[in-house]
Structure formats: structure tokens, C-alpha cells
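Have a look at the structure below, then the notes.
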Amino acid sequence: MTLQMTINNTPVTVAWEDNEAVAALYEKVKENPITIRTSMYGGFEQVGSLGMTLPQSDEQLTTSAGDIMLYAGDQMVVFYGANTWAYTRLGHITDQTPEALTQLLSDGNVTITLSF
């Protein structure tokens with residue numbers, strides 16, 4: 001089974017990391033799909049509560065468009081721009097250009113769904 005992500009009902013392809021946070025997320029999604037309501041922040045990202053805490057392995061990173069990160073153990077961040085902060089990598093959207101991601105993520109709040 002492959003973990004699927006949709007952003008406002010648009011499916012995106014994600015290369016998920018092989019780490020404890022993604023493994024824990026995978027187990028939660030096996031129980032039920034997860035819906036994350038996100039808010040724009042800083043003009044370069046969408047941030048939303050996962051409703052659970054995942055294992056963290058934070059490192060200082062500079063993000064790029066398409067990066068999916070775990071922040072503070074319980075927030076998913078999806079980037080359409082760049083930022084430098086301490087995050088745990090979750091994955092990267094591979095089938096959208098930076099311009100398409102900006103269009104998809106920069107026009108107000110979005111809903112992200114994780115499912116199989």
C-alpha cells in the first residue's frame with residue numbers, strides 16, 4: 001500500500017521518507033484516512049495540525065517547494081517556497097512544478113487528505 005496525498009481534492013505524488021515519523025503516520029492512516037485543515041503562513045507554506053504526535057528527528061533544513069515536513073511533532077507543513085528551520089522530513093511532492101504548487105497552495109487555506 002502506498003500512502004496517498006490529496007490537496008483540495010487534487011492528488012499529488014509524494015516520495016515519502018523512510019523514517020519513524022512516516023512509519024507512525026502510515027500506521028495511523030491504515031486505521032482511518034486523515035484530513036488536515038491547513039492555514040497559510042509566511043507566504044511560503046501551509047501548516048496544519050495532524051491531531052497526533054509523531055516521532056521527531058529534527059534537523060536544521062532549508063526547504064524548497066514541494067517539501068513536506070513535521071514541525072513540533074504534531075504539525076504538517078507543505079512548502080511552496082523556502083524556509084530554514086528545524087524540521088523532520090516527511091516527504092517531497094514530485095509531480096508538481098514550483099509554479100503549480102504555488103497555485104495549489106497559496107490561495108487561502110487548504111484541506112489535505114492522507115489515505116490509501
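No lab work stands behind these numbers, since they all come straight from the coordinates. As the structure is a computational prediction, the values presented were derived from the model and not from experiment. FYI the Cβ positions are ideal-geometry reconstructions off the backbone, even for glycines, and counts take in every protein chain you see.
Taking the Cβ-Cβ separation of ARG37 and TRP85 as r and a Förster radius of 22 Å, what is the calculated FRET efficiency to the nearest 0.05?
Details: r = 21 Å, r/R0 = 0.98.
Working from the Cβ atoms, E equals 0.55.
The alpha-carbon atoms of the chain, seen along their principal axes, cover 32, 31, 22 angstrom, with the largest extent given first. A straight chain from THR97 to ALA15 at 0.36 nm per residue would run longer than the Cα-Cα distance by 28.1 nm. Across the options GLN56, MET69, SER39, the greatest Cα extent toward the positive end of the charge dipole of region 1-74 (unit charges at beta carbon of Lys, Arg, Asp, Glu) belongs to SER39. Stretching THR111 away from ASN8 to a fully extended chain increases their span by 36.6 nm, per 0.36 nm per residue minus the current alpha-carbon distance. Placing unit charges on the Cβ atoms only, positive for Lys and Arg and negative for Asp and Glu, gives region 18-115 a dipole magnitude near 200 debye about its Cα centre.
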